[in-house]
1. Would a scan of region 42-57 turn up a residue that is at pLDDT below 90 and of a type in the set (K, R)?
2. In contact with a strand residue (DSSP E or B) (Cβ under 7 Å, 6 or more places away or on another chain), among the charged types (D, E, K, R) and under 14 Å from I172 (Cα atoms): which single residue out of R17, R37 fits that description?
3. Report yes if L248 is over 26 Å from L453 (Cβ atoms), in contact with an Asp or Glu (Cβ under 8 Å, 6 or more places away or on another chain), of a type in the set (A, V, I, L, M, F, W, C) and at pLDDT below 95, otherwise no.
4. Taking G406, is it of a type in the set (G, A, S), in a loop (DSSP other than H, G, I, E, B), touching a residue at least 12 places away in the same chain (Cβ under 8 Å) and surrounded by fewer than 20 Cβ atoms within 10 Å (Cβ to Cβ)?
5. Tell me, which residue of region 59-83 that is among the β-branched types (V, I, T) and in contact with a strand residue (DSSP E or B) (Cβ under 7 Å, 6 or more places away or on another chain) is farthest from I109 (Cα to Cα)?
6. Six or more apart or on different chains, Cβ under 6 Å: which pairs go from a residue in region 433-450 that's at positive phi and outside the structural domain of K415 (by TED's automatic domain parsing) to one that's surrounded by fewer than 22 Cβ atoms within 10 Å (Cβ to Cβ) and in a helix (DSSP H, G or I)? Could you list them?
7. Find the helices (runs of 4 or more DSSP H) located wholly in region 48-113 whose residues include 2 or more that are assigned by TED's automatic domain parsing to the domain that holds K21, and list them.
8. So is V486 without any contact (Cβ under 8 Å) to a residue 24 or more places away in the chain and within 28 Å of E497 (Cβ to Cβ) or not?
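The values are calculated or read from the model by the stated rules, or taken from the named source; none is laboratory data. Computed from a predicted structure; not experimentally measured. Every residue, glycine among them, receives a Cβ derived from its backbone with ideal geometry; neighbour counts consider all protein chains shown.
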Amino acid sequence: MTLGATADRNDEILVARGVSKAFAGVHALENVDFGVRAGEVHALLGENGAGKSTLVKVIAGVLRPDSGAVFFRDEPFAPRDPDASSRAGVGVVFQELPLVPDLTVMENIFFNREPLTRLGTVSRRGLRVASEQLFDRLGLKGIRPDQLVRDLSVAARQFVAIAKVLADDPAIVVLDEATSALGPSEVSWLLERARQLADEGKGIVFISHRLAEVQEVSDRITVLRNGTSVGTWPLAETTSDGLVSAMLGRKLEQLYPPRKAEPGPTVSVSVRGLVSGSRLRGVDLDLHEGEILGICGLEGQGQLELFLALYGIARSHGTITVGGVVRHIHSPRDAIRAGIGLALVPEDRKNEGILPSLSVRENLSLPSLGRLDHFGLIRREAEQEFVSPVIRDLQIGRQDPEQVVGGLSGGNQQKVVVGKFLLTGAKVLLLYDLTRGVDVGTKAEIFRMIEELAADGYSFLFYSSDLAELVNVPHRVAVMFDGRVVRQFAKGEGTQEELVAAMVGGTDSASGAASAGGTRPLVSEVDVEVAP
């Protein structure tokens, strides 16, 4: 892979030429060239802050470039807003989903273009029929058109956003981190759908931090770094190491850190016969001191319910023993107060894990205000002294306690979520898809942080939708199927194929090979798990 090599752009139908955009004097994009052809999947890679989302917003009409221009089918393309972009034939699935929670699925999909009756009123029947036909065409099952979006899972909302864009049958489809909230089977569906759309002659722009997805679906790859274009290459001319080096501007020494210590014999948390609703049907599990225990499963097999039950958000029955003492955990407060505390890093970080308008200091201290309260007042100096060690040790952002959390990268926001629970004294952390939506460099930092904390005696329940992480990060992996733990793998025992085989309820590792990599059968339908 030769840096600077650029593929021929003569047949590109959407082209950005010399695009620059600055905010407060800081360049988010500087003289960037990018283009996509009809009939290809063109991946756009880069770290958080490299300029990918800014370029997408310029293409979609959310932002105006300071210089340069975008052309669509050889004509200047400067839509006023994403609706105008979509009407012109360029549809964008944004990383931050533009859905209205209090409207139904069908109202969101056909917002501002609803079918009308002869009297000029909105046809509810027409909305439902059009939505059902769209879902049938896309192979989406499990989402009802009349459901409120606020009642859907994060993954189901992602599918609604994708359906909303594809309803217009655009010539160009931009998927900005569209797989980040999806489980393995759902990711397979989306990658197949992207490939199918390209085969139909559409141009697909695919943005993901997961290199395996990019290498599986893409025809060409463009890398951005610090707002500039590093180069564009055909997939066949790239390697994983070369792409990582292009993104970072240096060689990544090691994505997965070496093991610092092995778990001790002491059991931190023991779960027996844990049941919650209809999804968790009797889980038995032990988590040891200093252990990273991976949890995996297809969407809806009980892994999220396990985390919610342990944190006291979901009602549960069974026995939870923490530090050798049986605990009755009925609320997050119970979890935090239970000897060795329990902490949840949520799936929907921005809505459930942080307060984006508040500072790093305020977010970190929030669960521990009772320890800082002095006659009903919180002294800022004491609060800053309290949070400073975690900011330093986790290397959060600029290490400025007053930095607004909403302005941090995804990886640094994840560090804030972890850090605030470390300050409560929690020694057991529940990490649910902690690296979702963060770049490869930040992932390496997070993995090092987890490994160092585990070596210091912290214990982790670690769920990830990325099978490569589950193979390389945990000491053990427990596979969930139909609400139970059906198989466990020690470090080095479970390949991605074997994990997939166990996830689908099988025992033959070969049965999962097609779903974990290489050639897969077409995933024509996906049954979406809709419950949040």
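1. no
2. On the way: R17 fails: under 14 Å from I172 (Cα atoms).
From the options R17, R37, the qualifying one is R37.
3. Details: over 26 Å from L453 (Cβ atoms): no; in contact with an Asp or Glu (Cβ under 8 Å, 6 or more places away or on another chain): yes; of a type in the set (A, V, I, L, M, F, W, C): yes; at pLDDT below 95: yes.
Criteria not met by L248.
4. Numbers: of a type in the set (G, A, S): yes; in a loop (DSSP other than H, G, I, E, B): no; touching a residue at least 12 places away in the same chain (Cβ under 8 Å): yes; surrounded by fewer than 20 Cβ atoms within 10 Å (Cβ to Cβ): yes.
Spelling it out, it is not the case that G406 is of a type in the set (G, A, S), in a loop (DSSP other than H, G, I, E, B), touching a residue at least 12 places away in the same chain (Cβ under 8 Å) and surrounded by fewer than 20 Cβ atoms within 10 Å (Cβ to Cβ).
5. V70
6. Listed by first residue and then by second, the contacts come to G437/G410.
7. Values: elements: 52-60, 82-88, 105-109.
The qualifying helices (runs of 4 or more DSSP H) are 52-60, 82-88.
8. Values: without any contact (Cβ under 8 Å) to a residue 24 or more places away in the chain: yes; within 28 Å of E497 (Cβ to Cβ): yes.
In short, yes.
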